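The values are calculated or read from the model by the stated rules, or taken from the named source; none is laboratory data. Model, not experiment: these values are computed from the prediction. Cβ placement follows ideal geometry from the backbone for every residue including glycine, while neighbour counts extend to all protein chains displayed. For accessibility, only protein heavy atoms count, side chains too; no ligands or nucleic acids. Shrake-Rupley method; radii C 1.70, N 1.55, O 1.52, S 1.80 Å.
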Amino acid sequence: MADNKTPATNAKGEFIRSVSSFRNWIKDDPSAEYPAEKNRYHLYVALACPWAHRTLTLLKLKGLDHVISYSVVDSLLEMGKGCGWAFGEKYPDPHHPTFTHLKDVYKLNESDYNGRVTVPVLFDLKSQKIVNNESSEIIRMLNSEFNKFARHSNLDLYPESLRSRIDELNEQVYSKLNNGVYRAGFAKSQEAYNTACEDIFSMLDILENILSKQRYLIDNNQLTEADVRAWTTLLRFDPVYFTHFKCNKKMISKDYPNLYGFVREIYQMDGVKETVNLDEIKRHYYASHLMINPTGIIPLGPEINYDLPHERDRFK
């Protein structure tokens with residue numbers, strides 16, 4: 001969901017997240033406006049963005065990277081200058097070689113588009129229109145609507161029997177952790193920052209407690225979208241949020257052994273590691289958010305080994 005605009009805050013100095021603009025749905029139905037088809041859709045992501053990372057992780061876990069193509073934008077973002085996510089020599093748009101910015105893709109829907117330009121973007125190559133730019137909805141589509149093409153069609157990250165529990169935990173994790181780190185980092189008052197940090201670490205304590213008793217967040221034997229949605233934030237916590245967003249009461253890798261093992265397990269799942277680029281993640285946050293880090297200096301550390309044995313298989 002990250003974009004080029006200066007983060008918005010209210011009168012209390014609290015960060016306010018914008019709402020996604022494009023909310024159409026791909027369906028496994030030949031008569032649908034956007035039917036599930038092979039080689040029809042393209043996913044634009046930023047390797048740095050946790051919201052985009054959710055969708056790329058689902059693409060790999062479901063085994064859909066041969067069905068839906070994807071490309072990345074440059075992780076360096078010029079905040080507040082209206083340029084936003086950029087293409088270029090290293091990160092070209094494979095379908096529109098002359099496009100310089102992701103904003104050009106948005107303008108295919110509306111030529112005078114002047115709203116927020118966010119990632120991820122699920123794009124229809126046939127109609128040349130954006131289908132959806134809301135990560136929570138894109139991962140649902142990837143989970144259910146392309147199963148006839150998926151290499152791992154039996155993997156259901158949003159099973160019917162667990163949906164109410166997944167939805168409940170997703171809401172808590174989104175408010176207190178996924179968005180909580182941004183609420184802390186972009187806060188413009190001590191009170192707003194303090195409240196955000198209290199939420200973050202209370203949520204981390206809850207998740208650590210859950211994972212001390214079972215392998216995954218919802219069910220011991222079932223990886224779900226709740227795990228993926230938490231994971232992309234947890235992965236970035238020590239390298240970025242701990243320092244850059246001042247979430248420095250505790251570190252995942254030092255103070256939360258079960259969360260750290262959980263992060264390592266998902267990182268080590270088939271295809272997931274290749275979606276992680278810590279250099280791009282750190283470059284985006286430290287060099288883009290100059291209102292927080294005016295020098296743009298990118299820290300060398302911390303050194304964290306996500307390839308260590310995760311030991312989560314001790315839960316049977």
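Please turn the phi angles of segment 160-166 into ³J(HN,Hα) values with the Karplus equation 6.51 cos²θ - 1.76 cosθ + 1.60 (θ = phi - 60°), one per residue in order, whole Hz, x for glycine and proline.
3, 5, 10, 4, 5, 6, 4
Antiparallel DSSP bridges in the chain: what percent, to the nearest 5?
For the chain, the DSSP antiparallel bridge percentage is about 70.
Taking every pair of Cα atoms in the chain, average 1/r, invert it to obtain the Kirkwood radius, and report Rg/Rh to two decimals.
In the chain, Rg relative to Rh is 0.95.
Quick check: pseudo-label points 7 Å beyond the Cα along Cα→Cβ at Tyr113 and Ile206, how many nm apart are they?
Once both label points are built, they end up 3.5 nm from each other.
Quick one: if the Förster radius is 51 Å, what FRET efficiency do Arg163 and Thr100 give, using the C-beta to C-beta distance and rounding to 0.05?
Result of the calculation: an efficiency of 0.80.
With a cut-off of 8 Å between alpha carbons and a minimum separation of six or more residues, what is the relative contact order of segment 160-271 in percent?
Here the relative contact order equals 27 percent.
Please list, in chain and number order, the residues 5+ apart from Val131 or on another chain whose amide H is under 5 Å from its amide H, with Hs placed from the backbone.
The list, which skips near neighbours in sequence, is Leu122, Phe123, Asp124.
I want to make sure I understand the PRE zone here: with the label point 7 angstrom from the Cα of Leu155 toward its beta carbon, which residues in segment 110-140 have backbone N atoms less than 15 Å away?
The answer is 139-140, whose backbone nitrogens lie closer than 15 Å to the label point.
Straight distance only, please: which lysines reach the Cα of Lys148 with their own Cα at less than 28 Å, same-chain residues fewer than 8 apart left out?
Qualifying lysines at Cα under 28 Å: Lys27, Lys38, Lys60, Lys62, Lys126, Lys129, Lys273.
Can you give me the long-range amide H partners of Thr9? Hydrogens built in the peptide plane at 1.01 Å from N, cutoff under 5 Å, separation of 5 or more residues or another chain.
Hits under the 5 Å cutoff: Ile16.
When the solvent-accessible surface of protein heavy atoms is calculated with a 1.4 angstrom probe, in what order do Ser75, Ser31, Ser253, Ser212 fall, highest first?
Order by accessible area, largest first: Ser31, Ser212, Ser253, Ser75.
Going by amide H atoms built from the backbone, whose H comes under 5 Å of the H on Val73, apart from near neighbours?
Val45, Ala46, Leu47
Need one value: the accessible area of Thr100 in square angstrom, 1.4 angstrom probe, rounded to the nearest 10.
80 Å²
How many angstrom lie between the Cα centre of segment 219-288 and the Cα centre of segment 137-190?
15 Å
Not counting the cut sites, what is the longest span of the chain without GluC sites (Glu not before Pro) that DSSP labels loop and that have at most 15 other Cβ atoms within 10 Å?
My reading of the result: 111-302 is the longest stretch.
How high is the FRET efficiency between Asp65 and Lys249 when r is their beta carbon distance and R₀ equals 30 Å, given to the nearest 0.05?
Approximately 0.20, to the nearest 0.05.
Please tell me the relative contact order of the chain in percent, rounded to the nearest whole number, where contacts are Cα pairs under 8 Å and at least six residues apart.
21 percent
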